[in-house]
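Reading through the structure tokens given below for one structure.
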Amino acid sequence: MRRSVVTRLLGVVLAALTGGILVAAHTGPPAQAAGGGYWHTSGNQILDSNNQPVRIAGINWYGFETTDAIAHGLWAQDYHTIINTIKALGYNTIRLPFSNQMVETNPTPSNFSMFGATGPINTDLKGLTSLQIMDKIIAAAGTAGLRVILDDHRSEAGNSAEQNG
């Protein structure tokens, strides 16, 4: 009986420690603003225009590489809200993957909402092409102090692995 009490107590202590470690890891200090000016590489470092190392704390915002040809999540949230949330979570960089097909055809996407739970959202995206929407997202990210890394992710738009040629 004593062993099962000790085993249970040890399990509770380990669970508490693990939870504390995960919370501490998630609530660490937010990433510093990404370095100013144009970035470049030197050896194994990414440097800003003042030759200071840049710490990239990035998140991927997929969608422009898919057949939707627009950043995902805009059917539920305003893109400004998403960008502000990314910033509030401590990220300083957004990776935007896109497809060559999206650039070459530049469609006018419709897979986004203009009315959300709190009222109008994304109303300034109505009638815009994918590239125009991407421009708006990049500009809003810049205004929020975020950097954007464009990822020419695939040739043909799609949602899964592209065929090897």
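Highest mean first, how do 132-145, 61-74, 37-50 rank when packing is the count of other Cβ atoms within 10 Å averaged over residues?
Listed from highest to lowest mean packing, they are 61-74, 132-145, 37-50.
Modelled label-to-label distance, Ala139 and Asn84, 7 Å Cα→beta-carbon offset: nm?
Modelled inter-label distance: 1.9 nm.
Local charge sum around Ser155 (other residues, Cβ-Cβ under 12 Å, Lys/Arg +1, Asp/Glu -1)?
Neighbour charge sum, excluding Ser155 itself: -4.
No value in this document is a laboratory result; all are computed from the given coordinates. Because the structure is predicted, anything quoted here is derived from the model rather than measured. We place every Cβ from the backbone using ideal geometry, glycine too, and count neighbours over all the protein chains shown.
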